[in-house]
Amino acid sequence: MRLLIMGPPGAGKGTQAVALAKRLGGAHISTGDIFRANVEEQTELGQAAQRFMDAGEYVPDEITNAMVKDRLARDDARDAFILDGYPRTVDQVDTLRKILNTLGTQLDGVISLVVDPEELIQRLLKRAETSGRADDTEDVIRHRQEVYTQETAPLLAVYGERGLLIEVDGMGEADEVGKRIVDALPV
Ligand code: ADP
């Protein structure tokens, strides 16, 4: 199964994506994790991405698209994957479709985690206490929500029109949310 997991920052995408990838036996591909690992190792990619990430801005599409293209071509993503944090822009949606076309496959579903906006801020502020992430300060957290609303939320309608959208209530314990996702998956 080839899935996307979408939702605003703090919706719990990462937690759910890891559990789901284990369950489905596919690759968990988190663009945020890949960028953070590259920043840590000070690779060329990390150096190009860091200032955008620290400011809560999106990394430019040409950088992100090239990275995802390489990652999806790897063996462990051939039969199943959960993409987490990509696509985030209309351009990335088009690119993803082209990449998957080239690989001779397509998406099976797009999970959208729905969480109250104030709950999102509270979760991220809590995470900020332990994450050590440079983008987990209150101002940057609020900015990331705005960028999400402007750039990424419109993608939900695009996937809705393609008949792929699976909306899941993301409020409550992670385990409960996980069960809701599994129940909602296409067969
Ligand atoms: P969150 O879900 O909390 O916003 P992520 O870990 O998914 O965080 O992403 C962290 C940062 O990495 C983003 O704010 C952005 O700078 C960069 N990033 C991740 N995915 C993308 C993407 N698809 N396009 C552009 N930038 C991205």
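The values are calculated or read from the model by the stated rules, or taken from the named source; none is laboratory data. Computed from a prediction, not measured in an experiment: that's the story for all the values here. Heads up, the Cβs are rebuilt from the backbone with ideal geometry, glycines too, and the neighbour counts pull from every protein chain shown.
Computed values, structure above
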{"read-out": "Residue 130 being exposed (fewer than 15 other Cβ atoms within 10 Å of the Cβ) and not aliphatic (A, V, I, L, M)", "value": "yes"}
{"read-out": "Subset of the range 73-82 (residues that are part of a helix (DSSP H, G or I), of a type outside the set (Gly, Ala, Ser) and surrounded by 14 or more Cβ atoms within 10 Å (Cβ to Cβ))", "value": "76"}
{"read-out": "Filtered residues of the range 132-142 (kept if under 16 Å from residue 50 (Cβ atoms) and part of a helix (DSSP H, G or I))", "value": "140"}
{"read-out": "Test: residue in the range 58-75 that is out of contact with any strand residue (DSSP E or B) (no Cβ under 8 Å at 6 or more places or on another chain) and within 17 Å of residue 136 (Cα to Cα)", "value": "yes"}
{"read-out": "Search result, residues across the range 43-57 that are within 10 Å of the ligand (Cβ to nearest atom) and crowded, with 16+ Cβ neighbours inside 10 Å", "value": "49, 50, 52, 53, 56"}
{"read-out": "Candidates 110, 93 - the one that is at pLDDT 95 or above and outside any helix (DSSP H, G or I)", "value": "110"}
{"read-out": "Where a residue in the range 130-154 is in contact (Cβ under 8 Å) with a residue 40 or more places away in the chain and its partner, wherever it lies, is surrounded by fewer than 17 Cβ atoms within 10 Å (Cβ to Cβ) and basic (Lys, Arg), with Cβ under 8 Å and at least six apart", "value": "133/127"}
